[in-house]
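To keep things clear, I will list the structure first and then write my remarks on it.
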Amino acid sequence: FGHGEKALVILPGLSVQSVMGLADSIADAYRILAEKYTVYLFDRRKELPAVYTVQEMARDTVEAVRLLGLDRINLFGASQGGMISMVIAIEHPDLVRKLALGSTSSCVGNGHFEKVEQWIRMARTGDRTGLYLLFGEDVYPEAVFEQSRDLLVEAARTVTDEELARFIILAQGAQEFDVTKDLKRIDCPVLVLGSRDDQVVGGDAAVRIAENLRDQPGHELFMYDGYGHAVYDTAPDYKERLLNFFQA
């Protein structure tokens, strides 16, 4: 969506169901960016192997980006999409003009996988409603979660067994992910956005990324308070910050 001359690629986070079902609402949410950019929103590949790591997700995304003829892209990755984006910027520095990272972590080992493990257990038992409510409680501030509770319960009723199986594979793909030592290889400007009350990756994850980029020119860090892991959906000025960064 959008009609700008420059390309902006968005890689969303982990979700139980494909984000493509929310295409219109996503396009509306990012309309401020669509005025300046042609925006490409990528989901994960349709057919998944039994094991599918973040590095493999990055490889497939790069292949798709290049097949579309895109080059020197502006790249925004949220949560697991941010992990994929870091791998892309590390392994393919020629492809990325600017990189924005939201609510993500360069390392999910050493106990940082706990929340995701809880989601996986729910998915394995087939507890769709429990999974959606736990997911919503973990990613949203309390007030937003309570307002969204009925919608989450309704959405859970539409989840298929195939979608649960897919979710498990994608969630497990982030286990033991760690590119912290490789962040110094990112040579494009980076905007790191986080929320201090992030219950999924932790409030220090964004700070840790920024600290490992401190010797790189052009990196910025901004921390929110009170917006939760899904700050990219809940903070009213988030898209404007992205626009200002990419335009600079």
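The values are calculated or read from the model by the stated rules, or taken from the named source; none is laboratory data. Worth saying up front: this structure is predicted, and the values here are computed from it rather than measured. Positions of Cβ are backbone-derived with ideal geometry, glycine not excepted, and every protein chain shown enters the neighbour counts. Surface areas here come from the heavy atoms of the whole protein model, side chains and all, with no ligands, DNA or RNA. Shrake-Rupley method; radii C 1.70, N 1.55, O 1.52, S 1.80 Å.
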TODO: Would you kindly compute the Cα radius of gyration of the stretch 102-154 and its largest Cα-Cα separation (Dmax), both in Å?
DONE: 12.4, 35
Open item on the list: Using a 1.4 angstrom probe on the protein heavy atoms only, could you order Glu47, Glu154 from most to least accessible area?
Closed with: Glu47, Glu154
TODO: Rank these residues by their accessible area, most exposed first, probe 1.4 Å: Tyr238, Tyr132.
DONE: Tyr132, Tyr238
Task: Shape of the stretch 178-248, Cα gyration tensor, a/c cut at 1.5 - done: oblate
- [ ] Please identify the helices of the chain, taking whole runs of DSSP H, that span at least 15 Å along their own axis as judged from the Cα atoms and have a mean Kyte-Doolittle score of -1.0 or higher.
- [x] 54-67, 80-91, 128-139, 142-156, 161-172
Open item on the list: At 1.4 Å probe size, with the rest of the protein present, what percent of the exposed accessible area of the chain is carbon and sulfur atoms?
Closed with: 50
- [ ] Please work out the Cα center distance from the stretch 148-181 to the stretch 58-129, rounded to the nearest Å.
- [x] 13
TODO: Quick one: accessible surface of Phe135, probe radius 1.4 Å, all protein chains present, in square angstrom to the nearest 10.
DONE: 40
Open item on the list: Need the list of lysines near Lys239 for cross-linking: C-alpha distance under 27 angstrom, and skip anything on the same chain fewer than eight residues off.
Closed with: Lys6, Lys36, Lys98, Lys115, Lys184
Task: Charge tally in the Cβ shell below 10 Å around Asp60, where Lys, Arg are +1 and Asp, Glu are -1, Asp60 excluded - done: +1
Open item on the list: Taking 22 Å as R0, compute the FRET efficiency from the Cβ-Cβ separation of Asp215 and Glu91 and round it to 0.05.
Closed with: 0.65
Open item on the list: Could you tell me the relative contact order of the chain? Use alpha-carbon pairs under 8 Å, at least six residues apart, and round to a whole percent.
Closed with: 22
Task: the stretch 1-136 - Rg and Dmax from Cα coordinates, angstrom - done: 15.7, 47
TODO: Considering only protein heavy atoms, with the full assembly of protein chains and a 1.4 angstrom probe, order Arg166, Arg124, Arg66 by accessible area, largest first.
DONE: Arg124, Arg66, Arg166
- [ ] Starting from one equal scatterer on each C-alpha and no solvent at all, send me the Debye-based log10 I(q)/I(0) for the chain at q = 0.09 Å⁻¹, two decimals.
- [x] -0.35
- [ ] Would you mind getting the accessible area per residue of the stretch 45-192, heavy atoms of the protein chains only, 1.4 Å probe, in Å²?
- [x] 47
